[in-house]
Amino acid sequence: MSEGNLLHNSRLAERAHRVRHNAITMAEVHGQGYVAQALGVADVLSVAYLHAMRIRPDQPEWEDRDRFLLSVGHYGIAHYAILTEAGYLPESELVTYGCDDSRLPMSGMASYTPGAEMSGGSIGLGLPMAVGMGLGLKRKKSSSFVYTLMGDGELAEGPTWEAAISASHYKLDNIIALVDFNKVQADGPSPTIMSTEPLVAKFEAFGFYVQRVDGNDLPALVKAFDNAREHPEPKPRIIICDTKMGCGVDFLEAREKNHFIRLEPDEWKRAYEALEARRPA
Amino acid sequence: MNTNVQEPTVKSSAPAPSMPAIIASSVDEGHRTKAAPFGHALVELGRTRPEIVGMSADLAKYTDIHIFAQAYPDRFYQMGMSEQLMATAAGGLAKEGFIPFATTYATFAARRCYDFISQGVAEQDANVKFVGGLPGLTTGYGPSHQATDDLAIFRAMPNITVIDPCDALDVEQMVTAVADHHGPVYMRMLRGAVPLVLDEYNYRFELGKAALLRGGRDVLVISTGFMTMRALDAAKDLQKDGVDVAVLHVPTVKPLDEVTILREAARTGRLVVVAENHTIVGGLGEAVAGCLLRGGVAPAFRQIALPDRFLSAGSLPVLQDRYGISRKAVIDRIKCWL
Ligand SMILES: Cc1ncc(C[n+]2csc(CCOP(=O)(O)OP(=O)(O)O)c2C)c(N)n1
Ligand SMILES: [Mg+2]
């Protein structure tokens, strides 16, 4: 790896750390929330927003931006964490997360937050909407990409697969789908609730350019996002990211029931300390 | 089944504005509660009815049916996050002689599954019981989870029975009643710590029947769901101001007990107020209005319902107050209409 790349990756690590810090700040407001997802997906979002995507945070509706659709609305906390680090939102607003009349509702909605492009609380709309935007962008001869972040539990929703068929039929090579494969969904571990494996083979059979990476390995993610953008075949792209729930805070990583986490008041201090202990050098 | 009744908690101060949005509860201070009445009632019923099976679409823990799943693991089908599949597969199980109780949130049952329930279940008279959590405005999570339109949606579907429980007692008794009724049912459900109020009113849930819970000279509130609890609370408060409020509970929204509604509304001199935890469009209010007009009964008529718009996200008590379905809002509005 070149020195420039090393520097870039270590800077990304520093920023992903701040994204995690932002997420804990928000969760602490309520003493609970989808904080384990936010910690797990922080690296994926950091590489998306801070490495791969063409954006102007001070101009969220800039026509030539890459689009980002948060299909899993409950990941709003993760989204606000990265939108803050990327410069769309002031850090001071984080503590309003989920409060009355905040711009940061618990479930991400397009009309509330600068940089939010879809309302996703009813899960399974991300890839279908990406198909429409992908078609629209091609129609406008735009070179922008549409990213959409899905959960692994979400993959059981039928519309996702209708969209997958269509994305491939229309050769939507401007779609880069992301799956946060954290092996957890609402009722428990995804493999026991509804197994979606073998996922790589499924998406390949549906006509996608598929990569599967360790979603908490920044250099691997950087490479995967680069590949996705540069891949020559006219196919929709998908990066399946195997992530660890609670990543970066050891006692949350170890927690079994983590789809929706409650912490005692004194545990938040421990969470900050645990995160600090793993701060990148 | 009167175990696990919780005594009311001590009166607390006004809810903090940062109260978590996702925690759904319609419990006001001062009410006793009962834990997971739906789950426990279904387990009880399952003991003698082997044809009853449970289903959920990755929301078992959040709709109290996990209790049934734990009691009868081999009679519970976890369908994953596939509501449309669950709805249609429930139709399939019913065709094979089983009685599926299928749970998800009310929004997903109503909005996402409509066609699947209409064609896969209702048109074929399949014996499926859909159970919708978070009815109306019982979460501050935003429009995706606020089922403000489910009664209107299911009222428009032929051949399906639509019910909305007031409290834990209603929920428990509905479970048995809908299992005894052959045909598709959509049941709104209250989960977690559910208020218990109707045991003080010599009440029993009867499918298709409205129940007069208290008489009153000045106002007749016709209500469904937990708005009946609000109406009863409001009636007690208004009594102190010398306002006499009758409450007619209408847990079965479809088919509507038109006979009882017409009889009560025809008693002259009372303001009729229909109260529901639902948009003003297409719910109990419009159903009652149509019934009254067709029946030639025209009292002074008002509606307490949610506005016809996508509601905000935020904390539940603040939102229920803002949109007019808190106890205080109900009292204020009845007073200003008198
Ligand atoms: C259509 C729909 N069904 C159900 C839900 C409720 N729900 C919210 S998150 C979730 C689990 C999603 O699993 P996954 O995509 O893996 O997200 P994670 O558990 O990792 O946060 C469910 C069932 C929903 N929001 N939308
Ligand atoms: Mg998951």
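The values are calculated or read from the model by the stated rules, or taken from the named source; none is laboratory data. Given the structure is predicted, the values throughout are model-derived calculations rather than measurements. Positions of Cβ are generated from backbone atoms using ideal geometry, with glycine treated the same way; all protein chains shown enter the neighbour counts. Note: accessible area is taken over every heavy atom of the protein model, side chains too, but ligands, DNA and RNA are not part of it. Shrake-Rupley method; radii C 1.70, N 1.55, O 1.52, S 1.80 Å.
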Would you check which residues across region B:285-338 are within 14 Å of chain A (Cβ to nearest Cβ) and in contact with a Phe, Trp or Tyr (Cβ under 7 Å, 6 or more places away or on another chain) and list them? B:Leu311, B:Ala313
From the list B:Asp28, B:Asp58, exactly one residue is part of a loop (DSSP other than H, G, I, E, B), modelled with pLDDT under 95, of a type outside the set (A, V, I, L, M) and open to solvent by less than 50 Å² (accessible area, probe 1.4 Å). Which is it? B:Asp28
Considering only region A:229-247, I want to know if a residue exists there that is aliphatic (A, V, I, L, M), more than 16 Å from ligand 1 (Cβ to nearest atom) and more than 14 Å from chain B (Cβ to nearest Cβ). no
Can you tell me which residue is farthest from ligand 1 (Cβ to nearest atom) among those in region B:54-111 that are of a type in the set (Phe, Trp, Tyr) and touching a residue at least 40 places away in the same chain (Cβ under 8 Å)? B:Phe98
Just wondering, is there one or more residues in region B:92-110 that are more than 13 Å from chain A (Cβ to nearest Cβ) and among the charged types (D, E, K, R)? yes
Residue that is at pLDDT 95 or above, open to solvent by 30 Å² or more (accessible area, probe 1.4 Å) and part of a strand (DSSP E or B), where the choices are B:Arg263, B:Arg302, B:Arg309, B:Arg333: B:Arg302
Residues located in region B:193-206, provided they are in a loop (DSSP other than H, G, I, E, B) and open to solvent by less than 20 Å² (accessible area, probe 1.4 Å): B:Val197, B:Phe205
When region A:137-154 is examined, which residues are found to be under 11 Å from A:Gly126 (Cβ atoms) and either open to solvent by 10 Å² or more (accessible area, probe 1.4 Å) or of a type in the set (A, V, I, L, M) (or both)? A:Val146, A:Leu149, A:Met150
Of (1) over 19 Å from A:Ile24 (Cβ atoms); (2) away from ligand 1 (no atom under 16 Å from the Cβ), A:Leu83 fails just (1)
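Sort through A:Ser71, A:Ser119 and tell me the only one that's open to solvent by less than 40 Å² (accessible area, probe 1.4 Å) and within 16 Å of ligand 1 (Cβ to nearest atom).
Going through A:Ser71, A:Ser119 in turn, the sole match is A:Ser71.
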Single match in A:Tyr80, A:Tyr49, A:Tyr97 (criterion: in contact (Cβ under 8 Å) with a residue 12 or more places away in the chain, away from chain B (no Cβ under 14 Å) and buried (at least 24 other Cβ atoms within 10 Å of the Cβ)): A:Tyr49
Please tell me if A:Glu91 is surrounded by fewer than 24 Cβ atoms within 10 Å (Cβ to Cβ), away from chain B (no Cβ under 12 Å) and over 18 Å from A:Gly126 (Cα atoms). yes
Boolean, A:Leu149 is in a helix (DSSP H, G or I) and either over 30 Å from B:Asp64 (Cα atoms) or within 16 Å of ligand 2 (Cβ to nearest atom) (or both): no
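Out of all the residues in region A:167-184, which are away from ligand 1 (no atom under 16 Å from the Cβ) and open to solvent by 30 Å² or more (accessible area, probe 1.4 Å)?
A:Ser168, A:His169, A:Tyr170, A:Lys171, A:Asp173
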What are the residues in region B:109-127 that are open to solvent by 10 Å² or more (accessible area, probe 1.4 Å) and within 23 Å of B:Ala193 (Cβ to Cβ), if any? none
Residues satisfying the stated conditions in region B:212-225, i.e. within 15 Å of the chain's Cα centre (by Cα) and either free of Cβ contacts under 8 Å to residues at least 40 places away in the same chain or part of a strand (DSSP E or B) (or both): B:Ile222, B:Ser223
Within region B:128-168, track down each residue that is under 19 Å from B:His182 (Cα atoms) and open to solvent by 20 Å² or more (accessible area, probe 1.4 Å). B:Arg155, B:Pro158, B:Asn159
Could you go through region B:226-237 and let me know if any residue there is in a loop (DSSP other than H, G, I, E, B), at positive phi and crowded, with 16+ Cβ neighbours inside 10 Å. no
Hey, can you tell me all the residues within region A:111-146 that are in a loop (DSSP other than H, G, I, E, B) and within 16 Å of ligand 2 (Cβ to nearest atom)? A:Gly120, A:Gly121, A:Ile123, A:Gly124
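Hey, among the residues in region B:111-134 that are part of a loop (DSSP other than H, G, I, E, B) and within 14 Å of another protein chain (Cβ to nearest Cβ), which one's nearest to B:Glu51 (Cα to Cα)?
So the residue we want is B:Cys113.
Residues checked against (1) more than 16 Å from ligand 2 (Cβ to nearest atom); (2) modelled with pLDDT under 95; (3) among the small types (Gly, Ala, Ser):
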| position | (1), (2), (3) |
| --- | --- |
| A:Arg229 | yes, no, no |
| A:Lys235 | yes, no, no |
| A:Ile238 | no, no, no |
| A:Gly246 | no, no, yes |
| A:Glu256 | no, yes, no |
| A:Leu263 | yes, yes, no |
| A:Trp268 | yes, yes, no |
| A:Arg278 | yes, yes, no |
Regarding B:Thr228, is this residue farther than 26 Å from B:Ile99 by Cβ and of a type in the set (S, T, N, Q)? yes
Within the set of pairs 6 or more residues apart or between chains, which connect a residue that is in the same structural domain as B:Gln119 (by TED's automatic domain parsing) and in a helix (DSSP H, G or I) inside region B:155-184 to a residue that is at pLDDT below 95 and not basic (Lys, Arg) with Cβ atoms less than 8 Å apart? B:Glu172/B:Met1
What tally of residues in region A:157-180 results from selecting those that are within 16 Å of ligand 2 (Cβ to nearest atom) and among the acidic types (Asp, Glu)? 2
